[in-house]
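Encoded as structure tokens, the structure appears first; notes follow it.
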Amino acid sequence: MLELTGITAGYDRGRPVVRDMSLAVADGEALGLLGPSGCGKSTLARVAALLHTPWAGSVRLAGETVTGHRFRAPRHQRTAIGVVFQQPRLAADPRLRLRDLIAEPARATGRGRELADRAAALADAAGLGAELLRRRPHEVSDGQLQRACLARALLLRPRLLICDEMTAMLDASTTAALVALVEDYRKEQGAALLAVGHDRVLLGRWCDSVREWDGDGNPAGAELLTQE
Amino acid sequence: MATTHPPTPATEPEQPWHTPAHERRGTRKVRVTTSAALVATAVAAVLLVPLLFPLDQQAIDLTSRLLPPSWDHPFGTDDVGRDLLLRSVYGLRVSLTVGIVAALVAAALGLAVGCVAGAAGGRTDRLLMRLVDTFAAVPHLLMGIFIVAMFRPGVWPVVVSVGLTHWVSTARIVRAEVLSLRTRPYIDAAISGGAGRRRVVLRHLMPAVLPQAGLAAVLMVPHALWHESALSFLGLGIPAHQASLGTMINAARGPLAAGDWWPTLFPGLFIIIPTLAIAGLAGAWRERINPRRRSELVL
Amino acid sequence: MTPLLSVRGLSVRFRMPHGRHVAAVSDVSFDLAAGECLALVGESGCGKSVLTGALLGLLPANAQTRGSAVLPPDDQHAAPVDLLTVGERALARTVRGRRIGLVPQSPAAHLTPVRTVRAHLGETVRALTGTRRDALPPAVAAAAERAAFPADHLGHHPHQLSGGLAQRAATALALVGDAPLLLADEPTTGLDRDLVDRTVAGLRRHADEGRGLLVITHDLAAAARIADRVAVMYAGRIVELADAAAFFGTPGPRHPYAAGLLAALPERDFTPIPGLPPELDALPGGCAFAPRCARADAACAARPPLDGGVACHHATAPEAADA
């Protein structure tokens, strides 16, 4: 599904945050990427989500080589990946009501009408009632907002879901609920998952396999921990 | 260790709610109310006076030249016997209109340039910002004079001149804001959801910077008003026979030299007071956009 | 023993447009003693952060409070201070930093990016203790030492610090005024496990040295490691107040919500509590948890009081676990 080869990436003129990292997620596989904060795993997730242009290395998505990132990536490649970020407050446009937030990708791709029912169903599955959907981000809690952000990421039926520290800010019950929502979707669509995080117990319980990354931004010492 | 639990309060009579005092609120309220009242009065005056008192403000009456303030003429009369109160209101009408239109033109131009520069980045950004620097490097008044000098005197050259010299600051503010927003995860999320460049700019970036651009426009109204007055005072802006605050002060130079202060003072106050009032309102708006204490309710 | 902080019937509500009210905190009472760590846990939006704001006098302008949060008289202060009514000026002059130290949520963001740790500490030391300029370096060194902040990193700027060192720098700042009460607001959010362990150990040490420690967190694993007592908040109320050992070990939590929260941990059942917490502007008259509760019945239409450490009509009996 996703193949990252020899990725080196960084910001501006600084040291590379990610050095010569390779990673592959098979169709339908759930891979956990475990590492301490600041080790570059979020940057790698952004490269994988086609949101950050790497300095070197190649990204292959469903057999196609990715030729550009951000706006330069073709729309069908971008929308094949659903992304959920760590901080829902920053990942939600503060002016959009939750209803519009969830429907945003459908409207951006001109499928607003076609996917209206799916948006409503996803909101319902995420536990967001009609009253909450009328609110704006600053009027709901982190947990409620992250539920909406996850629904948004699932709207276009992505074949790969990237969750970058999706539950780091959330309590145990909301974490379990969001993970259950992701797993329901994966079961239904057979989608792959790249879950990035620092919680060994959580990733171990959630993913098929967990790849550990040492603190150096260097995957040389990375080992593969297979669960169950 | 035995756990101690505080006693559950029995059903005692409900205490009243306590509202924490916020000291600075009082003076701010006075400032905002005064500013709003002054702006409202000025706007009402320029809108209503021509309707309610359809007197010809241009009518010359040489028998009542340079009368000091009195009950008949609260602001006195000018050197050709025109009532200064009426003429000041007409002058404010012209100056305020020019100021507002010019500020809107400048803010719209600045918003467009700033958004495009910030969102596009790279070569486009560098090119536009060099243009901004070029405009900023030339003194406003000098360039304004240059622009009005290319046209026949009138209202529109002044609007164009003030608009073209003042969009620079808005463009910079908007670009900086867009640059800081551009890297937000919510823009990432929009891109990942398939949004194109145009949609991101129009739906996500532009609405976010609109309040800042609006504030810049409001703050620019007094500035534009002063520029209009300055150009007119120099004889380059509004034609001398048309009442504007600048032309009136220009015409009052002679009487002032002779010791007649009122033709200068009252139009001058008509420039200063609305300026302060608008600035006061804009300040309150800025505090709203940029709250220090208003952390909202963090749930 | 007299408590360091005594909260009684504390409620906070927000006035909203159209005469609505959001009841963020309702009728919260607890005591915090010296040398004790109380962890306040609950999901996001349960009112934890509003409670912190109320204790520090940092509520937004549309907030109203009721009840009391009293710092009792001690050696230096003859009269008790009610944090809710004492006013901003007194809080700034005599309470914040001097009697309550705040360990902030994201330490790196809490520090001014352009100033070194030494400058931060120096400023705080001067402001709180009035140390003269020539006596400042040893005082700063001592302050850093207390939070185990390495002296050779004092010249660093916040962005040059690792997450753990930034945390220690912020803790050092909180300790400068030698406040007997420390308030830690989500100290472990976004930190990885190693750092959580070190942060928790550092905070625990301050409690062991005799300070009172109030930790507000959604991280149950961290709470389990640090706390002597646990208060579980739900929809603005404390629904269970228990010994940490009993709560996290056997017999376990007694309130069904607390039990559900623990069961949701990935190391336990990993199953969420069904539903969402109620909205704080439309709280039900009865038990707020009843709509999500498997044990709910007709009795839950009346609000259960916090009785013997648990507010539930169907709480697991404490002796049940002894069997």
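None of the figures in this text is laboratory data; all of them are computed from the coordinates on show. If you're wondering where the values come from, they're calculated on a predicted model, not measured in any experiment. Please note: Cβ atoms are built from the backbone with ideal geometry, for glycine as well, and neighbour counts cover all protein chains shown.
Rounded, prolate or oblate for region C:134-243? Axes are the square roots of the Cα gyration tensor eigenvalues, ordered a ≥ b ≥ c, and the cut-off for rounded is a/c under 1.5. Prolate. By the count of neighbouring beta-carbon atoms within 10 Å, fewest first, C:159, B:227 end up ordered C:159, B:227.
Sorting C:5, C:213 by the number of Cβ atoms found within 10 Å of their own Cβ, with the fewest placed first, yields C:5, C:213.
Counted over the protein assembly as shown, the DSSP beta bridges are approximately 55% antiparallel. Within straight-line reach of residue A:41, meaning a Cα separation under 28 Å, sit the following lysines at least 8 residues removed in sequence or on another chain: A:187.
Applying Stokes-Einstein at 4 °C and 1.567 mPa s to the Kirkwood radius of chain B, computed over alpha-carbon pairs, gives a translational diffusion coefficient of 57 µm² s⁻¹.
Arranged from fewest to most other beta-carbon atoms within 10 Å of their beta carbon, A:42, B:229 become A:42, B:229. In this label model, residue B:32 and residue B:52 are separated by 2.8 nm, measuring between points 7 Å along each Cα→Cβ vector.
Among A:19, A:113, A:135, the largest mean-square fluctuation in a Gaussian network model of chain A, built with springs joining Cα atoms closer than 10 Å, belongs to A:113.
For residue C:102, the residues 5 or more places off, or on other chains, whose built amide H falls under 5 Å of its own are C:97, C:183. The fraction of all Cα pairs in region C:108-178 landing in successive 5 Å bins from 0 to the largest distance is 3, 20, 34, 26, 13, 3, 0, given as whole percents.
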